[in-house]
Amino acid sequence: MTSPSVIAVDVGGTKTDVALVAPDGTVSFRSRLNTVELGPRLFDAIVDAVATIDTPSTTPIGVGCGGPMEPGGETVSPLNIAAWRNFPLLTELARATGRAVTIDNDAKALALAEGRFGGATGLSNYVSMVVSTGVGGGIVLDGKLLDGALGNAGHIGHIVVNPGGTQCGCGVLGCLEAEASGTGIRRQTGTDAAQASELVRARTGVMVGRAVASVCSLLDVTQFFVAGSVALGFGEPFFRAANEEALAKVGLSFARAVEIHPSQLGGDGPILGAACVAWRKLGL
């Protein structure tokens, strides 16, 4: 069966994209929404953006959204979207659009896209990460995306990498998200991540490397692909520090093969991931 075009919705802490995605990864009819400015009006803006895409009513919607969430996205509570706490996104979006809707964590969605279109093509074991407004992850083992009991598997952003450090949105001190996300960097330095010094860029890589080392040793997976505005914006200093720290923090022989790569999906990664959520539901 050939994959159909799908409507993809990527809900991020800073921006939300709505677009039509073709089976070859071509993105069209994109609407970009400011998540922060819209606040409680975000949902209505998403529905309006979907309505501007002229497709048959049978065209499904795939959504990538920050977590945590209940199974299938019945309710979502993204830590970086204060207006959405236990928000019934699945039911409300299906009702408002009259379309079939599938929802998954945005970092898990990115893992699907990395395997379908990016650097993990052909790999059966890898981890995708997003280091942006928040930090998330998606884990593929033995060719299968891990879901977990409630669909929340992969929250690498909540591994503690600096005990007693910055308080995370989840309430714990020193989570990777609190130490390495754009939100955490702004809280620590008083400036946006885009203005971060070379020292901050390298420290952010170190924090990510620590988390990667733990996941690598735990799951016997050595290939990590990192996307997101912070990681990709920091570039070489970030990835050099992350790789050096990961290698320094693993001792088991199999884990010595650990590698942290920039995602090869570019800026379209999150929206491609949302499309992959819909295709996964269709078994494609």
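The values are calculated or read from the model by the stated rules, or taken from the named source; none is laboratory data. Bear in mind the structure is a predicted one, so any value in this text is a computation, not a measurement. With ideal geometry, Cβ positions are generated from the backbone for all residues, glycine too; neighbour counts draw on all protein chains shown. Heads up: the accessible areas ignore ligands, DNA and RNA and are worked out on the full protein's heavy atoms, side chains in. Shrake-Rupley method; radii C 1.70, N 1.55, O 1.52, S 1.80 Å.
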Scan segment 73-120 for residues that are charged (D, E, K, R), under 14 Å from the mean Cα position of the chain (by Cα) and outside any helix (DSSP H, G or I) and report the count. 1
Residue, farthest from D17 (Cα to Cα), within segment 250-284, restricted to residues that are in a helix (DSSP H, G or I), touching a residue at least 24 places away in the same chain (Cβ under 8 Å) and open to solvent by 20 Å² or more (accessible area, probe 1.4 Å): F254
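Could you identify the single residue in V250, V200, V258, V206 that is modelled with pLDDT of 95 or more and within 20 Å of the chain's Cα centre (by Cα)?
On the way: V250 fails: within 20 Å of the chain's Cα centre (by Cα); V200 fails: within 20 Å of the chain's Cα centre (by Cα); V258 fails: within 20 Å of the chain's Cα centre (by Cα).
When all the criteria are applied, what remains is V206.
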Please enumerate the residues belonging to segment 27-40 that are in contact with a helix residue (DSSP H, G or I) (Cβ under 6 Å, 6 or more places away or on another chain) and assigned to a strand (DSSP E or B). V27, S31, L33
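One line per residue, one yes/no per condition, for (1) assigned to a loop (DSSP other than H, G, I, E, B); (2) surrounded by fewer than 16 Cβ atoms within 10 Å (Cβ to Cβ):
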{"position": "D10", "(1), (2)": "no, no"}
{"position": "G25", "(1), (2)": "yes, no"}
{"position": "L42", "(1), (2)": "no, no"}
{"position": "I46", "(1), (2)": "no, no"}
{"position": "I53", "(1), (2)": "yes, no"}
{"position": "P56", "(1), (2)": "yes, yes"}
{"position": "T59", "(1), (2)": "yes, no"}
{"position": "G67", "(1), (2)": "yes, no"}
Return the pair list, or none, for Cβ contacts closer than 6 Å from residues in segment 80-98 that are farther than 30 Å from A178 by Cβ to residues that are at pLDDT 95 or above and in a loop (DSSP other than H, G, I, E, B), at least 6 apart or on different chains. none
Being farther than 10 Å from L176 by Cβ and either open to solvent by 40 Å² or more (accessible area, probe 1.4 Å) or out of contact with any Leu (no Cβ under 8 Å at 6 or more places or on another chain) (or both) narrows it down to one of S124, S128, so name that one. S124
For the condition among the polar types (S, T, N, Q), within 26 Å of T16 (Cα to Cα) and within 16 Å of the chain's Cα centre (by Cα), what is the one hit in T191, T183? T183
